[in-house]
Amino acid sequence: MGDTLHPMFTWGVGTSAYQIEGGIEDGKGESIWDRFARDSPMVDDGVIACDHYHRYRSDVALMADLGVDAYRFSIAWTRILPEGRGRVEPRGLDFYNRLIDELLGAGVTPWVTLYHWDLPQAIQDRGGWVNREVVDAFAEYTGVVADALGDRVTNWITHNEPWVASMLGYQQGVLAPGVTGWDNGLGAAHHLLLSHGRAVAEIRSRVADARVGLALDCRPVSAASDRPEDLEASVHFDGFRNRWFFDPVFGRGYPTDMAEVYERLGRWNPDWVRPGDIETIGTPIDFLGVNYYTAFQVSAGREEVDDSGIAPGHPALPGHTEMGWPIVPSALADFLVRVQEEYDPPSIIITENGASYSDAPDRHGVVADERRIAYLASHVAAVDEARSRGARVDGYFLWSLLDNLEWVAGFSQRFGLVWVDRQTLERIPKASFFWYRDVIASRR
Ligand code: FCB
């Protein structure tokens with residue numbers, strides 16, 4: 001069915017601004033990640049990252065060589081509006097104009113993510129995602145970007161992984177801006193979701209043929225046993241991790257079982273939700289982006305434990321990547337089918353999937369990252385399976401083109417198809433690069 005309705009399948013790669021660009025120049029303002037890295041000496045900073053800001057032409061040439069249809073990248077809000085609102089920095093827009101023109105010249109379709117976690121520090125100084133004002137700020141930023149790039153960009157992703165941005169950034173405080181507290185986390189989540197809905201309208205009013213969605217981080221979960229308390233824990237985890245975001249985005253409002261628990265525990269104040277918010281959040285989208293890496297088994301007492309954003313950087317145990325994440329491709333297939341059946345998105349795009357392994361060049365300069373190839377092959381097969389079971393999956397973006405700055409895990413975790421030498425910044429395509437090139441070519 002998927003094939004008849006959507007004959008074109010998009011093969012792509014993804015990155016995000018903070019993780020690859022570097023280039024703190026041309027009027028760029030400070031973001032919460034610049035500040036967080038500065039104040040946390042253990043965290044690698046993004047001052048140079050992959051120096052993509054200066055090397056974007058050769059990075060686009062790599063993509064052309066890879067043969068991808070599309071490239072998903074994010075815009076650094078602080079390049080466009082250094083103070084978050086108000087003054088627009090034309091040199092910031094120029095960079096993305098040049099990048100997009102280079103991509104189009106190479107036959108690669110740009111997919112733009114507006115927010116991949118790098119909030120302007122000036123907005124954080126006023127409370128960041130916890131302060132409802134941020135919704136207007138995001139709408140303003142979205143309008144500026146859509147006006148500037150909308151003549152060449154059709155595919156738009158408002159937010160990347162609002163669970164991570166809110167709960168790891170504002171509830172657990174392990175990612176920027178390092179704020180803690182349930183009220184902050186759930187408040188941030190509400191404003192992220194609300195700003196998504198607002199942005200969909202901002203883009204559609206400016207870009208006639210726009211296709212707009214968002215990328216949700218998916219964490220399929222199963223109960224560790226069939227004991228009732230474990231089953232209950234897995235339902236709770238699914239609510240905490242998945243349904244709290246999926247339900248409102250698909251127009252159902254917040255799941256009542258979770259809202260009751262959050263309210264009872266004093267974490268959630270329903271007054272945060274103003275009249276019209278639920279409708280705005282539920283504005284129909286053109287596609288759902290699914291970011292998938294791993295799945296969890298949950299037992300009683302661990303219904304809210306997901307610290308997978310903080311990687312220790314250890315050798316991969318069997319069945320795990322170096323992030324310590326269990327490898328569970330079957331959970332991806334089942335989750336995609338579930339999403340199709342429960343929420344019925346018009347189209348699903350895998351906006352991220354990939355694996356961290358630190359296999360390095362041998363003395364001939366060859367990176368034999370066989371474990372990454374095995375991971376990717378099993379997950380591409382899971383996508384095929386989900387399609388044959390009725391999930392309308394229309395694209396797959398591999399994370400990532402380049403080894404890059406993996407947030408608090410820094411440069412120790414390597415997700416790239418292309419090795420990046422930390423000293424020279426030289427790029428060396430890995431075996432997985434050539435594997436993916438063959439996959440794409442054989443599917444055309
Ligand atoms: C996701 C992020 C992405 C990258 C991968 C490994 O949560 O969206 O930037 O860090 O994980």
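Taken together, the values in this text are just the output of simple stated rules run on the coordinates, not laboratory data. Quick caveat: nothing in here was measured; it's all calculated off a predicted structure. With ideal geometry, Cβ positions are generated from the backbone for all residues, glycine too; neighbour counts draw on all protein chains shown.
Couple of notes before you dig in:
- Leading residue at positive end of dipole, segment 205-286 (Cβ point charges), from VAL249, PRO228, ALA259: VAL249
- For segment 327-377 versus segment 179-253, the gap between their alpha-carbon centres in whole angstrom: 21 Å
- Taking the Kirkwood radius as Rh and the Cα radius of gyration as Rg, segment 16-171 has a ratio of Rg/Rh equal to 0.95.
- With both labels modelled 7 Å from their Cα along Cα-to-Cβ, the ARG338 to GLU25 distance reads 4.8 nm.
- J(HN,Hα) series, segment 61-78, from Karplus relation 6.51 cos²θ - 1.76 cosθ + 1.60, nearest Hz, glycine and proline x: 4, 4, 5, 4, 5, 5, x, 5, 6, 8, 10, 9, 9, 10, 8, 7, 3, 6
- The chain: antiparallel DSSP beta bridges as a percent of all, rounded to 5: 10 percent
- Among ASP59, ASP209, ASP403, residue whose mean-square fluctuation peaks in a GNM of the chain (springs only between Cα atoms under 10 Å): ASP209
- Here segment 111-149 and segment 398-427 have alpha carbon centers that stand 26 Å from each other.
- Take every pair of alpha-carbon atoms less than 8 Å apart whose residues are at least six positions apart; their mean separation over the length of segment 1-146 yields a relative contact order of 30 percent.
- Annotation for SER378 and VAL261: the two label points, set 7 Å from Cα along the Cα-Cβ direction, are 2.9 nm apart.
- Net charge in the neighbourhood of ARG414 (other residues with Cβ under 12 Å of its Cβ; Lys, Arg +1, Asp, Glu -1) is -2.
- Note on segment 2-443: semi-axes of the ellipsoid equivalent to its C-alpha gyration tensor, largest first and rounded to whole Å, are 29, 27, 22.
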